[in-house]
Amino acid sequence: MHELFNIPEKKFNIYMAAATVFGRKGFYKTTIEEIAQEASIGKSTVYEYVESKEKLFSDIVSHGFGFFMERLAEILKDGESTEEKIKSFIKAWLKLIKNHYSLYRVILCDYYDPCRDKKNQELFGVLKTRMEELLADTVNEGIKEGKLRQVDVSLLSISLVGILMGVSSSFDRNDRDSIDIEKLSEEIGDIFLKGIMLKP
C-alpha cells in the first residue's frame, strides 16, 4: 500500500505509526518517542525520514488527503448511473474511514477545527472545493438526464461532506469492525438521494 503514497516503505510505516498515535492522543500530546515505539524503530530513525513532529503531521495530512481524494475520484469514474455513482461514493468514503480510521482522524478530526486557526480553515476549503470538483460532473450529468433537480453543486457537496463526516464519527469505537458498511451506505444513500432525485 505504500506505493499509493509514492514514498519509501519505511517512511510509509512511520507515517502509519504516527497516524495511529496522533489519532489516539492528538497532535500536542504525541511525542516522537511514542511514534518510534509504535513503528518498532529508534527515535533517530524517525528523524532520518522527518525533520520534526510538525512536518510529519503536515505530511500525513497532505498525503492522506490526496490518498482519500484519489480513491473517491476513481469511484465516480466507474459508476453507471447518477444514483449508482453517488451511492458508490458514499460507500467508498465509509470503507476508507473504516479501513484507515487513524489516518482519517488525523486529517479531519484532530486536524480540522476551522475556528482554531487559518490553516485549518484552508484545509476545509480545499476539501469542499475538491468534493465539488469530484461531484460536479456527476451532478450535472444527473440534471441533464432529468434524474436530479437543479441543485447548487457547492451546497450539495457541503451537505454530503457534513453527513459523511457526522456518520464517520460512529467509527470512533472499539467495535467498528462490526459496522455493516453495505447497509450503512445504502441507508445514507437513500436518505440523501430521496431529497434530490426526481420521480420518474
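The values are calculated or read from the model by the stated rules, or taken from the named source; none is laboratory data. Predicted model only: the values in this text are computed from it and were never measured. Here Cβ is always computed from backbone atoms with ideal geometry, including for glycine, and neighbour counts include all displayed protein chains.
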field: Checklist (1) more than 30 Å from ARG149 (Cα to Cα); (2) more than 23 Å from the chain's Cα centre (by Cα) applied to SER81, failing item
entry: (1)
Evaluation of PHE192 against (1) surrounded by 12 or more Cβ atoms within 10 Å (Cβ to Cβ); (2) modelled with pLDDT of 80 or more; (3) more than 24 Å from THR129 (Cα to Cα) (one fails), failing number: (3)
- request: Look at LYS11 and say whether it is loosely packed, with under 14 Cβ neighbours inside 10 Å and closer than 28 Å to TRP93 by Cα.
  value: no
Restricting the stretch 77-114 to residues that are over 22 Å from LYS183 (Cβ atoms) and of a type in the set (A, V, I, L, M, F, W, C), the residue that is modelled with the lowest pLDDT: CYS109
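This table checks each residue for (1) among the hydroxyl-bearing types (Ser, Thr, Tyr); (2) in contact (Cβ under 8 Å) with a residue 24 or more places away in the chain; (3) surrounded by fewer than 17 Cβ atoms within 10 Å (Cβ to Cβ).
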{"residue": "ASP137", "(1), (2), (3)": "no, yes, yes"}
{"residue": "ASN140", "(1), (2), (3)": "no, no, yes"}
{"residue": "GLU145", "(1), (2), (3)": "no, yes, yes"}
{"residue": "LEU148", "(1), (2), (3)": "no, yes, no"}
{"residue": "ASP152", "(1), (2), (3)": "no, no, yes"}
{"residue": "LEU156", "(1), (2), (3)": "no, yes, no"}
{"residue": "VAL161", "(1), (2), (3)": "no, yes, no"}
{"residue": "VAL167", "(1), (2), (3)": "no, yes, no"}
{"residue": "GLU186", "(1), (2), (3)": "no, yes, yes"}
Checklist (1) modelled with pLDDT of 80 or more; (2) surrounded by fewer than 17 Cβ atoms within 10 Å (Cβ to Cβ); (3) in contact with a Lys or Arg (Cβ under 7 Å, 6 or more places away or on another chain) applied to ASP180, failing item: (3)
field: Out of GLU51, GLU34, GLU9, sole residue that is over 28 Å from VAL161 (Cα atoms), modelled with pLDDT of 80 or more and in contact with a His (Cβ under 9 Å, 6 or more places away or on another chain)
entry: GLU9
